[in-house]
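Peer 1: Below is one structure. I have some questions about it.
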Amino acid sequence: MSLSSTFTSGPDILVEFITSNAGPLLNTGFHFKADSIIDPDTSEPLQLRNNSCFVERYLPENKESTFSNLRSWYPPNTTCAYRFYTTPEDVIRLDFLLFRIERFTVCEESVKLYDASEPSPTKIITKLCDMNKAQAVYESTGHYLYVEFVSSRGSLDGSSISYEFQVKSVGASSLESGHVCNRVVDHDGQIILPFHELNSTSHPVTCNYTLDASSLMHGRVNLTLEVPFEKTTKTCLDCKTESVILEITGATVEETPLCLCHISRKRTVTFTSLSSIMGVTLRSNPTNADPKVLSTPSNSKNSNNKDITGSFNFFSDVRCGPEILKLDLQGSITFPSFQDGNLPGPVHCLWQVPLLPGKDAGFRLENFIGNNCSSDYLKVNHILLCPTLAEHSFVVQREDIKSSNVLLDLRASEATEVNFTLWWTQLRVLPAPSTASDYSLMSLGKECEFLCAASMTCIRKELVCNGIPNCPRNKDAPLRMYTPDEEPSMCLAGRHNLQLHWWVIGFGLGICVCIAIGLVFSVFRRCQIHRERF
């Protein structure tokens, strides 16, 4: 097992080494380095002790508390939680100071916020993971807020989500209409945002809707809203002086949200998500707004004193095809994958390439055509590939592969202008002679059915001379027309030798048949002569 690093949950660590019954002959040893790290003590990290990590905290008025993610190792199916509460007259505000994705897990690790004292599915505010980034501010409607970190895969080097948030007790808002201001919805329906009441309140309030279509394969969200804003921009700083701002996340290739502001007459807008989750946030901030902007224009007074309403539906993006690709020694994916013609519009596809345990993977990208790398790109794990006519060839080693799956992430501003074919091969990367023992090199050499010398990798013999280049190309080596496993001199010679062998076998069988016929004829003649004598 290869382990990059791990963190303890306290100041002590115990390392125990146990030998096998076979003794040292079948082991190559190990080495490790232990260092102490300085805890900046700016926040209170989660700590996993006795397989439990639970924090319950009362929040007095005007006092802020800061918390951060797990830094130590933790097993699969770990759940950590915070329960915050304050006086019944107040509500709780949570501000994310940091939210960064360290590793992609396709939401196998997530942070959930609940507008309750317990993790009730009916009270969930949002689910945050690598497919749904956090907004800056969340606010409860009551005096409880429950925050839960869930990991189904576990980790040896800390959480895949680095976060730091600040919680504090604030005065209850003036929203008395009974609107459910924070919700997560996983089925088609209607949406109502209390625009008029947020526009008339005197202190900041935030409402969050999370539309989750992850139950569908390549699920997407189509949202139609009737909004009293005339401006739609990707630069949200243009709306910083507005009293009310509507933010839509997940509808652009970039990770920044779309912002709607500048109160005017109502109009209808439609958004389509590029992933399975879309976030809708209505935010009021009257304290920082320009006083001239707080008042609604008289010509739109009657049309804007109602809530923002809309509808949404979930669907599958057929352009992406299956999410989990077939497990095989060699495979490929071509985009677009269907023959009926391209469907226009931006596209975001996620795929998983399954691998055999302990295998490395070689990838070759061909004919990747697009507009530019800021809006059109393909990620293989954390390797970013930009559109170019040149061929990309690279290897993802098993140390960088989590749960025997390689993640592919395609984003493009216009699907009809993107084409590519990605090939992959399961292989084994040999260690450098300077870092490997003679025994390990000998054992790997026995398992190596075909050696790609330029890249020091091994592939299975059934992948040799199958018409597809499987040996990775070395960046420093001169460009060759054929990879070592597809050399014509080797592949054609093998076919000629096979034809020669069949000719020799056929010739030998023919001689044997002739001899057998001659023997039978000779015996028959002898018997006939013997009868004539008697």
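No lab work stands behind these numbers, since they all come straight from the coordinates. The structure displayed is predicted, hence computed values, not measured ones. Positions of Cβ are backbone-derived with ideal geometry, glycine not excepted, and every protein chain shown enters the neighbour counts.
Peer 1: Exposure proxy check: Phe99, Phe195, Phe507, Phe17 ranked by fewest other beta carbons within 10 Å?
Peer 2: Phe17, Phe507, Phe99, Phe195
Peer 1: Using amide H atoms built 1.01 Å from N in the peptide plane, name the residues 5+ places from Ser264, or on other chains, whose amide H lies under 5 Å from its own.
Peer 2: Distant-sequence amide H within range of Ser264: Phe229, Glu230.
Peer 1: Taking a threshold of 25 Å on the Cα-Cα distance, which of the pairs Lys133/Lys475; Lys127/Lys402; Lys359/Lys461; Lys379/Lys402; Lys112/Lys168 fall above it?
Peer 2: Pairs exceeding the cut-off: Lys133/Lys475.
Peer 1: Please give the residues of the stretch 215-234, grouped as numeric ranges, whose backbone N is less than 11 Å from a label point set 7 Å along the Cα-to-Cβ vector of Thr309.
Peer 2: Residues passing the 11 Å test: 226.
Peer 1: Give a quick list of GluC sites (Glu not before Pro) in the stretch 332-435 that DSSP marks as loop, anything other than H, G, I, E or B, with at most 15 other Cβ atoms within 10 Å.
Peer 2: Sparse-neighbourhood loop GluC sites (Glu not before Pro): Glu391.
Peer 1: If you don't mind, another one. Among Leu519, Leu193, what is the fewest-to-most ranking by other Cβ atoms within 10 Å?
Peer 2: Starting with the residue having the fewest Cβ neighbours, the order is Leu519, Leu193.
Peer 1: If the limit is 28 Å between Cα atoms, which of Lys123/Lys234; Lys123/Lys231; Lys240/Lys266 go over it?
Peer 2: Lys123/Lys234; Lys123/Lys231
Peer 1: Let me ask you something else. At a Förster radius of 25 Å, what calculated FRET efficiency corresponds to the Cβ-Cβ distance of Asn367 and Leu327, to the nearest 0.05?
Peer 2: FRET efficiency, Asn367 to Leu327: 0.50.
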